[in-house]
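Inspection log for the structure reproduced underneath, given as structure tokens.
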Amino acid sequence: KLYYGTENGLFITEDGQRKLFVHSTDDPHSIISNVVWCIYADRDGNLYFGTDCGISILPARNDVYHDISELTRLDFGNRFLCLFRDKSGTYWLGGNNGLIMSQDLSSYDSVWYRMKESINDGFPHNRIRDIFEDREGNVWVSTDAGVVVYDRNTGKFRRRSVVSADGSANSSWVYAMEEDKEGNVWLATYNQGVMVAASKDLSEDSDVSALRLFSEKDGLRDKIIDAMVYDRLSDRMLVLLH
């Protein structure tokens, strides 16, 4: 099956046949919104659709959808931009109104990380760009105001700052993060190119000096990087330019 989200509903193609699924006021189990921004499949075959009005879930065995309020018991909205499940099974839902963490999407156990909340000290911005987990099990989140790493002991986030050797680039606005086979973390910035930092340095509380900075002189046609994917077979970092 091929699933693809549009601004006019969810399309599913199978055996050459295409079906369109849209929100219906007559069906409480229909998709929550016709505007589908992202799709994620976990290891159990469950599908998650990030929409303008929350997240809809298609379990592997039952066609059941959930509204965001079922996770949080709050009436806030969040347009999800990235969905992620880490190695421990924790779900991370990032959007334009902060980050939601949930151990079990079927229960009210979620924590909503947003700005200006004393309980979530250290969270810099509500716009979440990317979420990834390094080989040590650390969960990193990139935002429009820098990079944070989740501290499992305290349940809070710690900010991390990376600066290029010449001072021309920093991690104040990061769109995407990836890790290479050496354990180095690559940070795709807005209008500053791509920086590479050693993961061992990022574990410290002090500012980190980047190992390398990639810009136009290194072949980038644009310094605004929207996304990155690491190809482990060829040991290459694939960069999507703005």
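When the chain is treated as a Gaussian network with alpha carbon springs shorter than 10 Å, the biggest mean-square fluctuation among Glu179, Glu216, Glu14 belongs to Glu14. Considered as an equivalent ellipsoid built on the Cα gyration tensor, segment 92-237 has semi-axes of 26, 16, 15 Å, the largest given first.
Between Ala198 and Leu240, the FRET efficiency estimated from the beta carbon spacing at R0 = 22 angstrom works out to 0.35.
For Val35, Val162, the ranking by accessible surface with the largest value first comes to Val35, Val162, using a 1.4 Å probe. Please list, by residue number, everything in segment 169-204 whose backbone N is under 18 Å from a paramagnetic label point 7 Å out along Cα→Cβ of Glu216. Backbone N within reach: 169-170, 189-195. In straight-distance terms, cross-link reach from Lys200 covers every one of the aspartates and glutamates whose alpha-carbon lies under 19 Å from its own, apart from those fewer than eight places away in the same chain; here that gives Glu133, Asp134, Glu136, Asp151, Glu178, Glu179, Asp180, Glu182. Any chance you could list P(r) for segment 120-167, counting all Cα-Cα pairs in 5 angstrom bins from zero, rounded to whole %? So the P(r) values, bin by bin, are 5, 21, 28, 24, 14, 6, 2.
In the complete set of protein chains, residue-level accessible area for Trp186 is approximately 50 Å², probe 1.4 angstrom. Expressed as a whole percent, the accessible surface of segment 111-215 that belongs to carbon and sulfur atoms is 44, based on a 1.4 Å probe. The listed residues Arg18, Arg79 rank as Arg18, Arg79 when sorted by accessible area, largest first, using a 1.4 Å probe.
Within the same chain, lysines fewer than 8 places from Lys116 are excluded, and of the rest, those with a Cα less than 18 Å from its Cα are Lys156. The relative contact order of segment 88-242 comes to 14 percent, based on Cα pairs under 8 Å that sit 6 or more residues apart. In this structure the chain gives 53 Å² per residue of accessible area when probed at 1.4 Å with all protein chains present.
Where is the GNM fluctuation largest for the chain (alpha-carbon springs, 10 angstrom cutoff): Leu74, Leu202, Leu105? Of Leu74, Leu202, Leu105, the Gaussian network model singles out Leu74 as fluctuating most. The spacing between segment 86-100 and segment 1-53, judged by their C-alpha centroids, is 19 Å.
Mean-square fluctuations from a GNM of the chain, with a 10 angstrom spring cutoff on Cα atoms, peak among Glu178, Glu133, Glu70 at Glu70.
In a DSSP loop and with at most 14 other Cβ atoms within 10 Å, the trypsin sites (Lys or Arg not before Pro) in segment 110-217 are Lys116, Arg135, Arg152, Lys181. Taking only the C-alpha atoms of segment 75-114, the Rg (one decimal) and the largest Cα-Cα distance, Dmax (whole number), read 9.8, 29 Å.
The values are calculated or read from the model by the stated rules, or taken from the named source; none is laboratory data. No experiment lies behind these values; they were computed from the predicted model shown. Heads up, the Cβs are rebuilt from the backbone with ideal geometry, glycines too, and the neighbour counts pull from every protein chain shown. The area values use the complete protein model at the heavy-atom level, side chains included, leaving out ligands, DNA and RNA. Shrake-Rupley method; radii C 1.70, N 1.55, O 1.52, S 1.80 Å.
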